[in-house]
Amino acid sequence: MTGYRASGNEVALFQKAYEQHLPVMLTGPTGCGKTRLVEHMGELLRRQVATISCHDDLTSADLVGRFMVSGGNVVWNDGPLTRALKAGAICYLDEVAEARHDSLAVLHSLTDHRRTLYLDRAGEVVKAPNGFMLVCSYNPAYRSSLKDLKPSFRQRFVTIAMSYLPAELESEVLVREAGIERAVAQRLVKCAISIRNADASFHLEPPSTRTLVAAAKLIASGCSELEAAEICILAPLSSDGVITNGLRELAAAVLGGKAHA
């Protein structure tokens, strides 16, 4: 099992949506556990998870499929969305707001009562089996107006809002995944919370649980807490020297030791 640690009722809500054949949109900050939740639900529901990483160049053909030349013949090749649909899998579109709006239009018929994919070029209509589920994720807090999702698209999904675990539970994740002492895990989490709470001053995307796990693993391998925090938590947040120095002061105050420029 993935060892997913729930912060609320997201597991129960996800399962109810699956049972009612409703598509789900997971929202929340980067690294708060959205992908882990999908993987966990795949294991819990005994469904394969097919992940599609969304980006600017993703086209509808990349999702559903296209004709290709093979052995001198032109044959249709299903895309990852079509393969997931036919397999009755959970199709997970990670960071769906990164995809072009025109590419997402192909999902409309899968997200309403029809639960059907129309492959116009192939002349095929694919009905979703009971086991199929469409899940998307995105971080709404750090989107420009050019990258945000249309309200009409968002309203096609049941939205489950996620956030970081409470401090004690987040510490437990670090202990379990990296094998560090609880006191060390608690200091790392406290450091992250200090930066998250100061986000309005720094205007940064806050440090994720994922970065804390990486720092914890380096500490378990022999790095000092400040060294691990520097390269896993602080450095990825900003290349601005003034901001980075401010982050170092915050980290040093929590982890102990002297902040180094």
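Hey, how many Å between the Cα centroid of the stretch 202-253 and the Cα centroid of the stretch 96-163?
Rounded to whole Å, the Cα centres lie 35 Å apart.
Compute the long axis of helix 241-255 from its Cα atoms, compare it with the longest principal axis of the Cα atoms of the chain, and write down the angle in degrees, 0 to 90, nearest 10.
70 degrees
Measure nothing fancy, just the Cα-based angle from helix 34-45's long axis to the longest principal axis of the chain, in degrees from 0 to 90, nearest 10.
Taking the Cα atoms of the chain, the angle to 34-45 is about 60 degrees.
Which of the trypsin sites (Lys or Arg not before Pro) across the stretch 25-59 are loop residues per DSSP, with 10 or fewer other Cβ within 10 Å?
Here the sparse-neighbourhood loop sites are 46.
In Å, what Kirkwood hydrodynamic radius results for the chain from the alpha-carbon pair distances?
Hydrodynamic radius (Kirkwood, Cα only) of the chain equals 20.3 Å.
Relative contact order, percent, of the chain when contacts are C-alpha pairs under 8 Å separated by at least 6 residues?
Result for the chain is 21 percent.
Across the chain, how many lysine pairs separated by 8 or more positions, or lying on different chains, have Cα atoms within less than 24 Å?
11
Amide H to amide H under 5 Å from residue 25: which residues, 5+ apart in sequence or cross-chain, H placed 1.01 Å off N in plane?
When sequence neighbours closer than 5 places are left aside, the close amide H contacts are 136, 158, 159, 160.
Where a number appears in this text, it was derived from the coordinates with a stated rule and is not lab data. No experiment lies behind these values; they were computed from the predicted model shown. For neighbour counting, all protein chains shown are included, and Cβ atoms are generated from backbone atoms with ideal geometry for every residue, glycine included.
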